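Asks: My structure is below; once you've seen it, I'll send some questions.
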Amino acid sequence: MSLKVYNSLTRSKEQFLPLAEGRVGMYVCGVTVYDHCHVGHARVMVVFDVIYRWLKQLGYDVNYVRNFTDVDDKIIKRANEAGLDPKQLTDEMIEAFHKDMDALNCLRPTHEPRATLHMNEMIEMITQLVEKGFAYVADSGDVLYSVRKFDGYGQLSGKNIDDLESGSRVEVDGSKRDPLDFVLWKQAKPGEPAWSSPWGRGRPGWHIECSAMSCGHLGDTFDIHGGGMDLKFPHHENEIAQARAANGGGFARYWLHNGFVNINEEKMSKSLGNFFTICEVLKKYHPEVLRMFILGTHYRSPLDFSDQALDVAKAGLDRLYETKRRLHEAGKLPASDQGALPGSFVNAMNDDFNTPEALAGLFHVCKEVNRGLDAGEEISGLIAQFTAMLSLLGIVQEDAAQWFHGGDLDTGWIDALIAERSEAKKSRDFARADAIRDELAAKGIVLEDGADGTSWKQAG
RNA sequence: GGCAGGGUGGCUCAGUGGUACGGCGGAGGACUGCAAAUCCUUUAUUCGCGAGUUCGAUUCUCGCCCCUGCCUCCA
């Protein structure tokens, strides 16, 4: 079975066939780097990380491009408030972003272009739009895109221009010929970051950077464009209008959009203020827990964020880690993660990256491995499947003992008590043995007596 | 108002025209000195409500109810 993906453009699941055989060009909208990322951002990054990994698994040579928006009103505002140069702020936030992504075990994209380093491409694209009559210079000096000039406007988001205008919440801007027109190039006010252009010193509008950088790296027509659902309109709609009008290409062929992260059934967002940053969550939970939490729901469905949901994700990981620990202790962990993947897992992933179903396959193999271990059977094939799935999903990559021991470094006292308890057990002094176990339990240490001695883990 | 996506066991999350995957939790059992972990068994006559198509619908169609999102910046 080959890969099928849900294409937002056609609102249907389609066979995935890349433009060039064996190669995939994928562009994902990154973040505006004015603040730390929250769990909603984590979702996009993890979702597309898994998509990236799966495409590579299928043998494609993937050119994965994810941008940084490092010029923007919010950046300017935030930098001013903090008394920083915008460049300082964006550099800092990009570093923080990378730290979060590394923690979440997201592979680095092939390219991570910054908008400020692609001014020429943007200016060139705007020039073409002006020349071809899709854009005009307004009285304000801003360059605007004339939405009504572009035929297919609204195709992606399923909107038509007249509906948009009638129910419009768009502010009426006197210099716009049509309320829906959007900015391609914005005149700089004194003190704002600015670049020279045919229309004077200024900065690009938000949408143009993605059109320019995606086409710049991947060509006028490329395979996949992704991002959060909220970018569908107007951002992606505008990207399409710009790119197709400017260079006549088809732009992205498959549009993939992930669902939101909700809190109390409400979208997590900056404007509502109901967000948790990734680093906040990581103070309380291991990054793999967050990753597992995200993979537990299909990428297009809403994902409800709560401590309880994270606890469930952790419980699932604990189960997988128990098996990993058994394998480690039995000396049966394979040296390589390159084992064959079970068919159920492959089918699930090929069906629009159905990670919940893939996880079901993983848990099934996990059980089979435990069963085989209990029975002392030869199960190296199953074990190889097990670790290959974990590696592909980017979970259960820590040392199993370390996982259960938490961040505790000073564990000598625990080992000493365990040794004492072993002696007590040997002399059948179970009262003493149980007293030690209770003493440890009171400190959150749970003991497990296995065939090869006693191991321990932190409770919860 | 327009458009999009949802409503599945105690919680969570898949899925399918032939009575429902997995995880967590619960119950019983095996193992254990007792536990823990693991394994086994079990835990939805039922998939928001009503009608239709069908031999048969949770899955298709229609209507209704409820929820969320987008329509302004937003992953």
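None of the figures in this text is laboratory data; all of them are computed from the coordinates on show. These numbers were taken from a predicted model, which means no experiment stands behind them. Reconstructed Cβ throughout: ideal geometry from the backbone, glycine too, with neighbour counts over all protein chains shown.
Asks: Working only with C-alpha atoms, what are the Rg and Dmax values of the range A:409-458, expressed in angstrom?
Replies: Using the Cα atoms of the range A:409-458, the pair Rg, Dmax is 10.2, 31 Å.
Asks: Relative contact order of the range A:338-391: what whole-number percent is it, with Cα pairs under 8 angstrom and at least 6 residues apart? Don't skip to the end; give the middle numbers.
Replies: Details: 43 pairs, mean separation 24.9, N = 54.
Relative contact order comes out at 46 percent.
Asks: Between the alpha-carbon centers of the range A:1-75 and the range A:409-445, tell me the distance in whole angstrom.
Replies: The range A:1-75 and the range A:409-445 have Cα centres separated by 50 Å.
Asks: Any idea what the dipole of chain A comes to, in debye rounded to 20, about its Cα centre with Lys/Arg Cβ at +1 and Asp/Glu Cβ at -1?
Replies: On the way: 51 positive and 68 negative charges, 101 e Å.
Charge dipole of chain A: 480 debye, to the nearest 20.
Asks: Here is a follow-up. Sequence gap at least 6, Cα distance under 8 Å: using those rules, report the relative contact order of the range A:159-302 to the nearest whole percent. Before the final figure, lay out each step's value.
Replies: Values: 128 pairs, mean separation 22.9, N = 144.
Dividing the mean separation by the residue count of the range A:159-302 yields 16 percent.
Asks: Using Cα atoms only, what is the angle between the long axis of helix A:86-103 and the major principal axis of chain A, expressed in degrees (0 to 90) to the nearest 10?
Replies: Roughly 30 degrees between the two axes.
Asks: Which value, in nm² and rounded to one decimal, describes the direction-averaged projected area of the C-alpha convex hull of chain A?
Replies: Details: hull surface 102.0 nm².
Convex hull of Cα atoms, orientation-averaged projection: 25.5 nm².
Asks: Next question, about the same structure. Going by how many other beta carbons lie within 10 Å of each one, how would you line up A:Thr277, A:Thr355, fewest first?
Replies: Values: A:Thr277 17, A:Thr355 25.
Ordered by Cβ neighbours within 10 Å, fewest first: A:Thr277, A:Thr355.
Asks: Of all GluC sites (Glu not before Pro) in the range A:91-172, which ones are in loop regions per DSSP and have a Cβ with at most 11 other Cβ atoms within 10 Å?
Replies: Working: sites: A:Glu92, A:Glu95, A:Glu121, A:Glu124, A:Glu131, A:Glu165, A:Glu171; in loops: A:Glu171.
When the GluC sites (Glu not before Pro) of the range A:91-172 are filtered for loop state and at most 11 Cβ neighbours within 10 Å, A:Glu171 remain.
Asks: Can you sort A:Arg291, A:Arg437 by how many other beta carbons sit within 10 Å, fewest first?
Replies: On the way: A:Arg291 25, A:Arg437 21.
Least crowded to most crowded, the residues run A:Arg437, A:Arg291.
Asks: Which of A:Asp73, A:Asp410, A:Asp49 comes first, and how do the rest follow, when ranked by fewest Cβ neighbours within 10 Å? Mind showing how you got there, number by number?
Replies: On the way: A:Asp73 13, A:Asp410 6, A:Asp49 24.
Going from sparsest to densest Cβ surroundings: A:Asp410, A:Asp73, A:Asp49.
Asks: Helix A:206-218 sits at what angle to the longest principal axis of chain A, using alpha carbons and giving 0 to 90 degrees rounded to 10?
Replies: 70 degrees
Asks: Out of all DSSP beta bridges in chain A, what portion is antiparallel? Express it as a percent rounded to 5. Working shown, then result.
Replies: On the way: 24 of 47 bridges.
Percentage antiparallel, nearest 5: 50.
Asks: Continuing with this model, one more query. To the nearest 10 degrees, how steep is helix A:73-82 against the longest Cα principal axis of chain A, on a 0 to 90 scale?
Replies: 60 degrees
Asks: If you average the alpha carbon positions of the range A:242-304 and of the range A:355-381, how far apart do those two centres end up, in angstrom?
Replies: 31 Å
Asks: Something else now. Show me the ranking of peptides A:193-204, A:386-397 by mean Cβ neighbours inside 10 Å, starting with the highest.
Replies: Numbers: A:193-204: 17.1, A:386-397: 21.7.
In descending order of packing, they fall as A:386-397, A:193-204.
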